[in-house]
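Here's the structure, in structure tokens; my notes come after.
The values are calculated or read from the model by the stated rules, or taken from the named source; none is laboratory data. All figures in this text were calculated on a predicted structure; none of them were measured in a lab. All Cβ positions, even for glycine, are placed from backbone atoms using ideal geometry, and neighbour counts span all protein chains on display. Calculation scope for accessible area: heavy atoms of the full protein, side chains included, ligands and nucleic acids excluded. Shrake-Rupley method; radii C 1.70, N 1.55, O 1.52, S 1.80 Å.
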Amino acid sequence: MEIKSMKVVIIGAGAVGSSFAYALLNQGFVRDLVIIDVNHDKAEGDAIDLLHGMPFSFPMNIWAGSYEDCKDANLVVNCAGANQAPGETRLELLEKNAKIFKDIVTKVMESGFKGIFLVATNPVDVLAYATWKYSGLPSSQVIGSGTVLDSARFRYLLADKFKVDSRNVHALILGEHGDSSLPLWSHVMIAGKPLFDFDEENRPNEEELEELFIKVRDAAYEIIKRKGATYYGIGMGLARITRAIAKDENAVLPVSALLKGEYGHEEVYTGVPAVINSGGIREIVNLKLNKEETARFDNSADILKGYIEKIF
Ligand code: NAD
């Protein structure tokens, strides 16, 4: 059922948390928005700044809060933690952020929280797994942002190449939100046509497609090289997932979800399409991958399992 008075708590008012808050303010489906940060001044500054945008958007309550506020929240979105330094892989952030997460998740659960966790901090797949373990919540209530951003980048670049609105491009990146992610070329649909049928006279060759995927895979590094961090795209991706929950949409979105045999794996959180509604993850959509995609998916899942083993 649609959540009429959605309460969202953002933990970590950095670049990602603030961009997400700004996206929510512009979309108007959240009633209460609480911001928590170890730097309480930063959280307060953001709350006041956002409140001043209210006359241009929708009525909403926004305040800098504490973990007590999680008690009756529908959704807690964790964007806290150290950021990816230039050249640092997301997985190298693991040990730093796993410690921060244990502390945060414990405090959220001590409040009596019964809602849904959404994780954005990197390495997001491993930290979604950690959140599931530390919280004791059912896996349906713990979601990682996964490949929602990677898939958006993929759709945008395909749309730009084929000159079609990106909303008419269906395309997915699966696996780790990171270096071992994979493009699902076999399922790309442009304006309802399979990739190679869209423009039969100008079919893309393998090199062009590989180049496009590399742009998707390395997008974060390219942005970080230029401005130190990425945050607008993920802010909107988090807002999209939040809307699917608030409006009980049953939207199919690529998120990081716990596999329980889907895609031939278990005990790992990784990017897969999932049906999202007010209960969280209703189910994972188990697509049929070709041989190469299966091998790449297996490799990505095994890398993530290796990292999970390092902290559990
Ligand atoms: P940032 O450094 O700007 O912000 C992090 C915030 O977390 C800071 O305000 C800091 O004070 C706060 N914080 C740190 N420890 C805390 C704690 N224990 N409790 C509460 N708050 C705490 O970083 P950012 O650019 O906002 O990035 C945040 C995370 O999001 C990073 O891990 C980054 O890699 C990740 N990220 C994920 C995606 C994605 O697609 N999932 C995309 C971009 C960035």
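Looking at region 4-19 only, could you name the residues that are assigned to a loop (DSSP other than H, G, I, E, B), within 7 Å of the ligand (Cβ to nearest atom) and either buried (at least 24 other Cβ atoms within 10 Å of the Cβ) or modelled with pLDDT under 95 (or both)?
12, 13
What are the residues in region 138-197 that are within 16 Å of the ligand (Cβ to nearest atom), without any contact (Cβ under 8 Å) to a residue 60 or more places away in the chain and hydroxyl-bearing (Ser, Thr, Tyr), if any?
Answer for region 138-197, where residues must be within 16 Å of the ligand (Cβ to nearest atom), without any contact (Cβ under 8 Å) to a residue 60 or more places away in the chain and hydroxyl-bearing (Ser, Thr, Tyr): just 156.
Select from region 20-34 the residues that are more than 10 Å from the ligand (Cβ to nearest atom) and either of a type in the set (A, V, I, L, M) or buried (at least 24 other Cβ atoms within 10 Å of the Cβ) (or both) and list them in ascending order. Spell out the reasoning first.
Our first condition is that a residue be more than 10 Å from the ligand (Cβ to nearest atom); within region 20-34, this holds for 21-34.
Scanning region 20-34 gives 21, 23, 24, 25, 30, 33, 34.
Take region 283-301 and flag every residue that is closer than 30 Å to residue 29 by Cα and crowded, with 16+ Cβ neighbours inside 10 Å.
Passing the criteria: only 284.
Using the structure shown, decide if residue 98 is near the ligand (Cβ under 9 Å from one of its atoms) and within 22 Å of the chain's Cα centre (by Cα).
For residue 98, the condition - near the ligand (Cβ under 9 Å from one of its atoms) and within 22 Å of the chain's Cα centre (by Cα) - is not met.
Mind counting the residues in region 219-252 that are open to solvent by 40 Å² or more (accessible area, probe 1.4 Å) and either assigned to a strand (DSSP E or B) or charged (D, E, K, R) (or both)?
10
What residue, among those in region 107-125 that are assigned to a helix (DSSP H, G or I) and away from the ligand (no atom under 11 Å from the Cβ), is most open to solvent (accessible area, probe 1.4 Å)?
Filtering region 107-125 for residues assigned to a helix (DSSP H, G or I) gives 107-110, 124-125.
With the extra rule that they be away from the ligand (no atom under 11 Å from the Cβ), the set shrinks to 109-110.
On the way: 109: 50, 110: 144 Å².
Out of the qualifying residues, it is 110.
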